[in-house]
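The values are calculated or read from the model by the stated rules, or taken from the named source; none is laboratory data. Only a predicted model underlies this, so the values are computations on that prediction, with no experimental measurement involved. Neighbour counts are summed over all protein chains in view; Cβ atoms, including those assigned to glycine, are modelled from backbone coordinates with ideal geometry. Just so you know, the surface numbers come from the protein's heavy atoms only, side chains and all, with ligands and any DNA or RNA stripped out. Shrake-Rupley method; radii C 1.70, N 1.55, O 1.52, S 1.80 Å.
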Amino acid sequence: MSKVLTKISLIEQVKNLLKEEISSGALQPGQRIESIRSLLKKYKVSHITAATALKQLKEEGWINSKVGSGSFVSAAPPVFSFKPGNAIVSAGNIIYFIIMGGRSLEGYHSKVLEYLQELVAEHNLQLKFASADDSITLAKITASPMTLGIIYQADMKPFASNVPAVSYGMSPSFFDSCFVQPDNFQGGILSGTLLLKNGHSKIYYVSSNLPEVTKYTHFSQRYNGLCAAFEMAELAHPDLVRWHIKNPESRQKVTELLEQVRAKAPEAPTALVIGNKAMASEIYMVAIGMGIRIPEDLSIVSFIDRAEHREDHISNIDFSRKAMAQQLFAIILSARDSRFAINNNKHLLPMFLSNSDTIKNLNQGDS
């Protein structure tokens, strides 16, 4: 159904409508934006209006574009800075966190909850708890006008709700519900895109267990995203190598690659994308011990699961618990403030890269 735009600047209206689709999850990171020709018909605007709107969205970090391929949603769009217009304000001020029977809230879940509590207090809202086993209470809160939203773990049994309900985490059940999950695939795209942009082509992906890369795991999705970045650049997929600190055989290939770097061999890798921060730290220390300079001789990108301050020269893709809590909270608020319903939309956790200046730029002629 076409939308006729009026009042404020047509360019701003086109931008805001696209921003709302990105913020609500209707458009996912990496997803292709409609062509300018489609936008002309959809919004009844001129070519220059649609083109200018896309140009400004690119400048603001919402989308990327590639000549001949079109425009795509950025890997980490600035959703937290967007204030949608035409708000529908909910009377509810309670966010419920559902606890599953027999499930410990230690570690991962406790950190997500800790950050959620800080956000709720900061916005003068209430955070209450309910049991997944208490069907009567669950039915009441899913229909209560005082409920702003519900947050639950992705492997909990799905339930009907008249209020925004968002699950989080890695579980097959998230394919049938609104969810937030660490977007490992887009993290891989982000790492590959930045490395290729900086002139790298001899890139290896390091995993702890190569057979696992063929399954749906954090490692496989990160590698698949890296491969997607190479495909978009019309390059062959980067090679896979294994590293496990306790297994000498699994360390052999990475050690050989580091020897090539030390010898400044023509075939030496210029960058390693490493599946997690533990392996990255291990390989980083081995490289330093061999006299290899990071990132002058070799760039290293890793994926971290917890926000932390690092003093080393490793670029990190952030999958932190804090970022997860922020995204959960932002989705609940966007459901309150936006025209778009969140139910059945998929929300992926925006990836953030820290220490990006530690990715060596080979185009500067310093290789």
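Using the average count of surrounding beta-carbon atoms within 10 Å as a protection proxy, the listed peptides 242-254, 319-331 rank, highest first, as 319-331, 242-254. Debye-formula intensities of the stretch 222-338, expressed as log10 I(q)/I(0) at q = 0.18 Å⁻¹, are -1.01 (one equal scatterer per alpha-carbon, no solvent). Cross-link pairs exceeding 23 Å between alpha carbons, from the set Lys277/Lys360; Lys19/Lys128; Lys246/Lys277; Lys15/Lys42; Lys66/Lys322: Lys19/Lys128; Lys66/Lys322. In this structure, the amide hydrogen of Phe352, modeled 1.01 Å from its nitrogen in the peptide plane, lies closer than 5 angstrom to those of Asp318, counting only residues at least 5 positions away or on a different chain. Cα convex hull, the stretch 196-265: 105 Å³ per residue, rounded to a whole number. Separation of the stretch 17-70 and the stretch 188-264, taken as the distance between their Cα centroids, equals 32 angstrom. Think of the stretch 233-298 as having a plus end and a minus end, set by charges on the Cβ of Lys, Arg, Asp and Glu; of Ala263, Ile283, Leu298, Ile283 sits farthest toward the positive end of this dipole.
Rolling a 1.4 Å probe over the heavy atoms of the protein chains gives the stretch 222-272 an accessible area of 55 Å² per residue.
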